[in-house]
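Presented below is the structure to which this report refers.
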Amino acid sequence: MSVTAVIGSQWGDEGKGKVVDFLAERMDYVARFNGGNNAGHTVINEFGTFKIHLVPSGIFAKNTVGLIGGGVVIDPQVLIEEIEMLNKAGIGVDGRLWVSPRSHLIMPYHKILDGLYEEAKGAGATGTTRRGIGPVFADKVSYNGIRWSDFAREDILTARLKMQIELKNKIINALGGRSLKFEEVFTTYRGYYEKVKPYIRELFSLVQDGLKENKNFLLEQAMGTFLDTDWGTYPFVTASTTIPSAASAGLGIPPKYITNVIGVTKAYTTRVGAGPLPTEIKDTKSEVYKKFGEVAATTGRVRRVGWLDLEIVKTAVQLSGVTKLCLTKLDVLSGLDEIQVCMGYKLNGVDMRYADVDSYGLDEVELVYRKAKGWKEDISKARSFDELPAQAKDYVKMIEESAGAPVKWIGVGPEREATIRRK
Ligand code: GDP
Ligand code: IMO
Ligand code: MG
């Protein structure tokens, strides 16, 4: 039996989807345990190119069962569209995708409020995905949430949803938004429930039996370590816990079983939305900015970019107990004469760890850079470590030494097979 968590060691979009897809083959279960459809995980394999928001990215492995734990918040429309899309693409998820009845639903008022809060905050906005994530988690922990299990009790659901809509309309109106009508929301969501019902199943026994029967579990984190509500760059974070311990509550796996933690690390850094990005490259005309440029999988926004920050990666390794690193997008660095890497921070000449400074302090720290030699060769066809140019090998070795965990996989392209497995 093994329980392996895949976590992003930066600000999300490290390439978790690809990694989960290629690790899923030998897994019995692949599970999401945190976040919601703010996640956008890209998978490119023999079935095509997919941007997945809720279904675990390991679903393409035919013998794997996908689980969406109670810690995940769900926009039912997005889930239904995703299931239909996967079924149409020949993936066949029926009978092997299960959604916890404990998971909370993103309601229309959550999305409206997300947008209204962002607009009210103006220049101080978080830059959320506007998927309703902050408001739905706020409702969850303030006892105002609606879960799938509520749909089996229509009288109770009716009373609770009526109350929520009344309450939320007051806030929406105060912020200049338009009221919602109970009947419309109720009818739409009952329709969603009918479609999702075949996939809803309490996961407790399934997970417990799986552990007893020595099954292999792969836990797919959404977002990244530094978007974690507690350990991220608060208030520029997301509304869920993103470190592996979240899988314990979010799926029902005792923490003692989570013994393998794979830290997915992009060979440079990206971030979407507001908040500190110490190594940010702001010159939008520079060669390196154009090279690192990406478009967000969920919102289509342009991702901010920066050099690799090893203080960040090292902190993630320590915080989450990362046992192995998967370095992604090494191919993107090809062609640079010189690569900058941030090795640590100083404030007034004194060494500082990430955890010693707050989010605003991260804009003030002095960055200690090391220059690494670049390489000219295209490495996208390399499939073994030995095929890499010496400078690329040195870059990888520097990362594992500084971060404190071995690099076991290296991504050299977006496709599943564009991966080097190190012995
Ligand atoms: P996730 O949210 O962590 O799953 O990452 P995203 O899918 O949002 O963003 C990662 C992007 O990098 C996607 O466009 C992937 O297709 C791409 N990608 C992943 N690994 C590699 C790699 O090793 N090389 C290249 N060139 N692209 C990669
Ligand atoms: P994956 O799983 C990158 C960011 C948003 C914003 C902040 C809060 O694909 O790596 P939210 O909508 O969650 O309230 O927004 O978090 N964010 C992500 N950034 N990748 C993600 O997911 C993200 N999910 C949320 O851009 O800064
Ligand atoms: Mg993403």
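Failed condition for GLY374, given (1) in contact with a helix residue (DSSP H, G or I) (Cβ under 8 Å, 6 or more places away or on another chain); (2) open to solvent by 20 Å² or more (accessible area, probe 1.4 Å), with all others met?
Just one mismatch for GLY374, condition (2).
Those residues that are open to solvent by 30 Å² or more (accessible area, probe 1.4 Å) and out of contact with any helix residue (DSSP H, G or I) (no Cβ under 7 Å at 6 or more places or on another chain), I need them from segment 15-43; list them, please.
Listed by number, the residues that qualify are GLU25, ARG26.
Examine segment 198-220 for a residue that is open to solvent by less than 10 Å² (accessible area, probe 1.4 Å), assigned to a loop (DSSP other than H, G, I, E, B), within 16 Å of ligand 1 (Cβ to nearest atom) and not β-branched (Val, Ile, Thr), and state whether such a residue exists.
no
For (1) closer than 21 Å to ASN260 by Cβ; (2) of a type in the set (S, T, N, Q); (3) out of contact with any strand residue (DSSP E or B) (no Cβ under 8 Å at 6 or more places or on another chain), each residue gets a yes or a no:
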residue: ILE7; (1), (2), (3): yes, no, no
residue: GLY15; (1), (2), (3): yes, no, no
residue: VAL20; (1), (2), (3): yes, no, no
residue: MET27; (1), (2), (3): yes, no, no
residue: VAL30; (1), (2), (3): yes, no, no
residue: GLU82; (1), (2), (3): no, no, no
residue: ASN87; (1), (2), (3): no, yes, yes
residue: ILE91; (1), (2), (3): no, no, yes
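Could you list, in sequence order, all residues of segment 33-57 that are under 21 Å from ILE253 (Cβ atoms) and away from ligand 1 (no atom under 12 Å from the Cβ)? Even if it seems obvious, please write down each step before you answer.
Going residue by residue through segment 33-57, those that are under 21 Å from ILE253 (Cβ atoms) are 33-36, 39, 41, 54-57.
Matches in segment 33-57: PHE33, ASN34, GLY36, LEU54, VAL55.
So, in segment 301-347, exactly how many residues are β-branched (Val, Ile, Thr), more than 25 Å from GLU387 (Cα to Cα), within 16 Å of ligand 2 (Cβ to nearest atom) and touching a residue at least 40 places away in the same chain (Cβ under 8 Å)?
Residues that pass the stated criteria total 2.
The values are calculated or read from the model by the stated rules, or taken from the named source; none is laboratory data. Predicted model only: the values in this text are computed from it and were never measured. A quick note on method: Cβ atoms are made from the backbone with ideal geometry, for glycine too, and the neighbour counts reach across all protein chains shown. The protein model used for the area step is the full one, side chains on, heavy atoms only, and it has no ligands, DNA or RNA in it. Shrake-Rupley method; radii C 1.70, N 1.55, O 1.52, S 1.80 Å.
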